[in-house]
1. Once amide H atoms are built 1.01 Å from N in the peptide plane, which residues 5 or more positions from residue B:39, or in another chain, come under 5 Å H to H?
2. Of A:44, A:57, A:88, which is farthest on the positive side of the dipole of chain A, counting Cα position, with +1 on Lys and Arg Cβ, -1 on Asp and Glu Cβ, and the Cα centre as origin?
3. Name the longest site-free stretch of chain B, where the excluded sites are trypsin sites (Lys or Arg not before Pro) in a DSSP loop with no more than 16 other beta-carbon atoms within 10 Å.
4. Over the protein assembly as shown, with a single point scatterer placed on each C-alpha, what log10 of the ratio I(q)/I(0) does the Debye formula yield at q = 0.09, 0.16 1/Å?
5. Count, for each residue of B:16-23, the Cβ atoms from other chains sitting within 10 Å of its Cβ, then give me the mean as a whole number.
6. What FRET efficiency comes out for the pair residue A:97/residue A:7, r = Cβ-Cβ distance, R0 = 30 Å, nearest 0.05?
7. Could you calculate the contour length gain from residue B:72 to residue B:48, that is, 0.36 nm times the residue separation minus the distance between their Cα atoms, to one decimal place in nm?
8. Please report the buried accessible area for the interface of A with B, total over both chains, probe 1.4 Å, in Å² to the nearest 100.
Number of protein chains: 2
Amino acid sequence: MAKKIPTKDQCFYVSGLLKTLAHPQRLLILCHLVEGPRSVNELTELTDASQSAVSQFLGRMKAEGLVKSERDNQFNNYEIANDQIKQIIQALDKIFNQ
Amino acid sequence: MAKKIPTKDQCFYVSGLLKTLAHPQRLLILCHLVEGPRSVNELTELTDASQSAVSQFLGRMKAEGLVKSERDNQFNNYEIANDQIKQIIQALDKIFNQ
DNA sequence: TTATGATATTATAATAATCTAATATTGAAA
DNA sequence: TTTCAATATTAGATTATTATAATATCATAA
């Protein structure tokens, strides 16, 4: 069977996701989130970005559907939004980390 | 065994690659190149970008090591530079195209 | 209440990316 | 040698992205 080349719409959609992934600290945050939910504070400590920056990263990734969050009183715990995102991170890990 | 979180250096490197991938027409070009080498003209016809834009896309992707090119007289045939790049495209295809 | 820790928002300056138009190069063919 | 097709380069205006600083919100504890 012949390979299917993606449509322009698909390329727009996927490249939009990649654009959000394509930032060193957002990517690092997502790698951590693959391990499980983390609070903003935890993620701030795990990266070397400021609290404001991390909150903005998470806000953008949430707006674009890469992560979701659940409030636990003062804490806001973020996690990977869906399996496609998890699969991208895992695929990148497999390709570059072995 | 515990999962390995990438180092900052790895995140910089991979996010740099992703940044170059994260463009609808560059991504489409790469999807075509997975099928085999293509000339600049062919790629210009397969996308709806101008010849100048396609040449610039290819130039950037070549500079960043995503593609390589081989001149065949007047033609310049581009292809995927290495297996890691091919694997990224194929992984994305698997995740989003099925 | 007041204070405090956790998080979000806003504004802004600096930088980077993008597209287009114009022009240059290069090899082959006439 | 002139022409033409294929490709590359350059310059510029426009727009997007980024990091930082300052401030706001909001829940809890004192």
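The values are calculated or read from the model by the stated rules, or taken from the named source; none is laboratory data. If you're wondering where the values come from, they're calculated on a predicted model, not measured in any experiment. When we count neighbours, we look across all protein chains shown, and the Cβ atoms used for this are built from the backbone with ideal geometry, even at glycine. For the accessible areas, the whole protein counts, side chains as well, though only heavy atoms, and no ligand, DNA or RNA atoms are used. Shrake-Rupley method; radii C 1.70, N 1.55, O 1.52, S 1.80 Å.
1. Under 5 Å from the amide H of residue B:39 lie the amide H atoms of B:78, each far enough along the sequence or on another chain.
2. Result: A:88.
3. In short, B:5-98.
4. So the normalised log intensities work out to -0.37, -1.00.
5. The shielding value for this peptide is 6.
6. 0.45
7. Additional length available on full extension: 6.2 nm.
8. Summed over both sides, the interface buries about 3200 Å².
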